[in-house]
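Data first, discussion second: the structure below is written as structure tokens.
The values are calculated or read from the model by the stated rules, or taken from the named source; none is laboratory data. For clarity, every value in this text was computed on a predicted model and none was experimentally measured. Quick reminder, even Gly has a Cβ in these numbers, built from the backbone with ideal geometry, and neighbours come from all protein chains shown.
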Amino acid sequence: MSEYESNCSSAIGEQVRAISELQEKIGKKLKDIHYLNGTEDDFISHHLAEVSYLGVVISSRLVPSFLQAEGKELADITVDLFEDLREIKEAIMDMEEQFVGLMNYVCTKDII
């Protein structure tokens, strides 16, 4: 097992924890601004947390690893990079309608 593969397996638990923590913080913010649409706020919280986390992973781990890797490790990193980009795309598409609702709410309400 390469160092990259070893780091990936420990990163799964870290990903779950980080997304959960960020989801809670985003959910709290939505409650603080009184944006409560039942499950929509949880939906937005989860997908926004996922996109945020994966963006950090791409910029701080995958791209630097991609720039240094060769051979099979480069292939593995390229696949992981594509999968994370695809997950980001899907998460954005999944929450787009609900996020537009949030954006409209924030832009048209006096939330201060």
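Listed here are the residues, each with its yes/no results for (1) within 12 Å of the chain's Cα centre (by Cα); (2) free of Cβ contacts under 8 Å to residues at least 24 places away in the same chain; (3) closer than 23 Å to residue 96 by Cβ; (4) not in a helix (DSSP H, G or I).
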residue	(1), (2), (3), (4)
27	no, yes, yes, no
48	yes, no, yes, no
55	yes, no, yes, no
62	no, yes, no, no
66	no, yes, no, no
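Among the numbered criteria (1) within 22 Å of residue 23 (Cβ to Cβ); (2) crowded, with 16+ Cβ neighbours inside 10 Å, which one does residue 81 miss?
Evaluating residue 81 over (1) within 22 Å of residue 23 (Cβ to Cβ); (2) crowded, with 16+ Cβ neighbours inside 10 Å leaves (1) as the failure.
For the stretch 90-110, check the following and say yes or no: at least one residue is in contact with a His (Cβ under 9 Å, 6 or more places away or on another chain), among the hydrophobic types (A, V, I, L, M, F, W, C) and modelled with pLDDT of 95 or more.
Looking for residues that are in contact with a His (Cβ under 9 Å, 6 or more places away or on another chain), among the hydrophobic types (A, V, I, L, M, F, W, C) and modelled with pLDDT of 95 or more, one finds at least one in the stretch 90-110, hence yes.
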